[in-house]
Amino acid sequence: MPNRIGTTLAATSVVIALAGCGQSTPPESDIPAPVGADASAPAGECMPTPAADVSTAEGWIGYLAENPDTVAITVDDGNGGTFEQRPDERQPLASAVKVVHLAAYARAVAAGELSPDERVPLADWERWHLPDTDGGAHPRALERLGVNDPEDTVTLDEMVSAMIQESDNAVPDYLRDRLGDDALREAAAQGGWDDFTPPTMLGNTLALLDPTLDDSSAVWDAARRYASDPAYRAEAVQHPAPEDLFARVDRVQRFDNTGSAAELTALHRAIADGSFGAGGDLARTHLEWQPSTVPGFEGVGFKGGSLPGILTDAVTFRRDDDTIATTVMLASGMSDSDYAEALQSFAHQEMLAAAANDPDFLERIRCAM
């Protein structure tokens with residue numbers, strides 16, 4: 001299997017610096033130049049669309065233009081600048097969906113139903129973990145948390161931090177099993193995302209290895225069996241990776257892990273601006289785990305994901321003038337070469353940050369589409 005089943009936004013503060021500081025107030029000499037700032041067109045005219053190239057922010061403008069049927073994108077810069085491309089079309093979400101599990105956890109803490117300080121045995125967490133299928137997210141989380149003994153325990157909040165920071169795939173299914181599907185649906189609805197279908201990270205991964213698992217009910221049953229049946233768990237880890245992985249991923253994601261850019265935008269924006277309500281502050285703290293060091297920004301919240309052929313990102317920028325920018329991109333059907341290059345460069349994140357904070361760059365996207 002590819003090394004990265006799920007991934008989070010990388011080097012966010014660097015991305016912001018590349019994209020410019022938008023509404024920041026420091027002296028102009030302290031503000032990094034926005035992406036594309038050296039390119040301009042006469043008023044009322046559009047520049048030529050760049051060639052598609054997923055290794056650069058500008059090249060992503062070309063990629064968006066060449067792939068209008070497989071990419072959904074929404075941008076709201078918080079100052080009246082907006083752009084939408086297929087905002088209501090359902091797309092595979094990969095790990096970007098974990099913001100819903102975070103929201104459900106935060107609501108349960110706010111209601112006194114869960115304690116973030118509860119100690120959870122590592123064994124209970126790892127019952128939902130399928131080794132070597134998450135790009136090393138789970139081992140990296142354990143290393144960050146200083147967990148190296150099977151008898152160790154971790155706090156529930158530490159587990160949730162692993163779901164967001166390293167994009168651990170076991171935690172969302174642990175939370176789904178513990179909280180129930182209604183809690184996930186209610187959390188999504190509280191953020192403006194109606195008719196949410198709870199997914200299973202583990203079950204969908206098992207379905208990539210076992211094609212007999214062919215619908216949302218079957219994959220969730222398989223995930224719960226994996227968590228409770230050691231013999232089935234031992235059998236599952238022996239499945240070889242399929243040769244047609246790219247072809248399988250999109251189909252399996254559409255069992256239960258799809259959503260629209262508009263729905264993802266609504267939830268992230270509700271958490272960022274405080275309209276989510278009870279639990280919103282805790283959810284925002286987790287999404288903004290990487291401190292913003294760029295002048296003009298109070299916080300940057302993000303959750304993305306990747307699977308072969310699928311790349312997703314949702315980012316909010318809270319500025320110190322109380323404006324909030326939100327960007328979401330959901331890409332599917334990527335070639336194996338484009339997908340691999342995108343995960344090396346993370347240039348799509350530079351593109352999203354520039355669209356949110358540089359009106360000229362946003363206009364270039366609009367012109368290209």
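The values are calculated or read from the model by the stated rules, or taken from the named source; none is laboratory data. Treat the numbers as computed from the prediction; the structure is a model and nothing was measured. Note that we place each Cβ from the backbone using ideal geometry, even for glycine, and neighbour counts take in every protein chain shown. Surface areas here come from the heavy atoms of the whole protein model, side chains and all, with no ligands, DNA or RNA. Shrake-Rupley method; radii C 1.70, N 1.55, O 1.52, S 1.80 Å.
Miscellaneous remarks
- Filtered residues of the range 316-369 (kept if closer than 12 Å to D77 by Cβ and among the hydrophobic types (A, V, I, L, M, F, W, C)): F317, I324, A325, L352, A353, A354, A355, A356, F361, L362, I365
- Only one of A331, A340, A314, A278 that is within 26 Å of T133 (Cβ to Cβ), in contact with a Lys or Arg (Cβ under 7 Å, 6 or more places away or on another chain) and assigned by the TED database to the domain that holds Y63: A314
- Residues being in a strand (DSSP E or B) and open to solvent by less than 30 Å² (accessible area, probe 1.4 Å) are entirely absent from the range 342-358.
This table checks each residue for (1) basic (K, R); (2) over 30 Å from R319 (Cα atoms); (3) surrounded by 17 or more Cβ atoms within 10 Å (Cβ to Cβ).
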position: V75; (1), (2), (3): no, no, yes
position: A96; (1), (2), (3): no, no, yes
position: A103; (1), (2), (3): no, no, yes
position: A108; (1), (2), (3): no, no, yes
position: D124; (1), (2), (3): no, yes, no
position: L130; (1), (2), (3): no, yes, yes
position: G136; (1), (2), (3): no, yes, no
position: G146; (1), (2), (3): no, yes, no
position: M163; (1), (2), (3): no, no, yes
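- Residue ranges of helices (runs of 4 or more DSSP H) in the range 225-276 with at least 3 members closer than 30 Å to G299 by Cα and either open to solvent by 20 Å² or more (accessible area, probe 1.4 Å) or of a type in the set (S, T, Y) (or both): 261-273
- Tally of residues being among the aromatic types (F, W, Y) and within 18 Å of Y105 (Cα to Cα) across the range 279-324: 2
- Any hit, the range 313-334, residues being among the aromatic types (F, W, Y) and surrounded by 24 or more Cβ atoms within 10 Å (Cβ to Cβ): yes
- Subset of the range 264-298 (residues that are at pLDDT below 95 and in contact with a Pro (Cβ under 9 Å, 6 or more places away or on another chain)): V294, P295, G296
- Of all positions in the range 58-73, none carries a residue that is assigned to a loop (DSSP other than H, G, I, E, B), hydroxyl-bearing (S, T, Y), under 30 Å from P172 (Cα atoms) and at pLDDT below 95.
- Some residue of the range 192-212 being of a type in the set (D, E), part of a helix (DSSP H, G or I) and modelled with pLDDT of 95 or more: no
- Residues that are assigned to a strand (DSSP E or B), surrounded by fewer than 22 Cβ atoms within 10 Å (Cβ to Cβ) and small (G, A, S), drawn from the range 277-304: G299
- Subset of the range 165-199 [among the hydroxyl-bearing types (S, T, Y) and buried (at least 22 other Cβ atoms within 10 Å of the Cβ)]: S167, Y174
- With respect to the stated conditions, E84 fails to be modelled with pLDDT of 95 or more, crowded, with 16+ Cβ neighbours inside 10 Å, in contact with a Pro (Cβ under 6 Å, 6 or more places away or on another chain) and of a type in the set (D, E).
- Within the range 66-79, residues that are not assigned by the TED database to the domain that holds G296 reach no partner that is acidic (D, E) and open to solvent by 40 Å² or more (accessible area, probe 1.4 Å) with beta carbons closer than 6 Å at six or more positions or on different chains.
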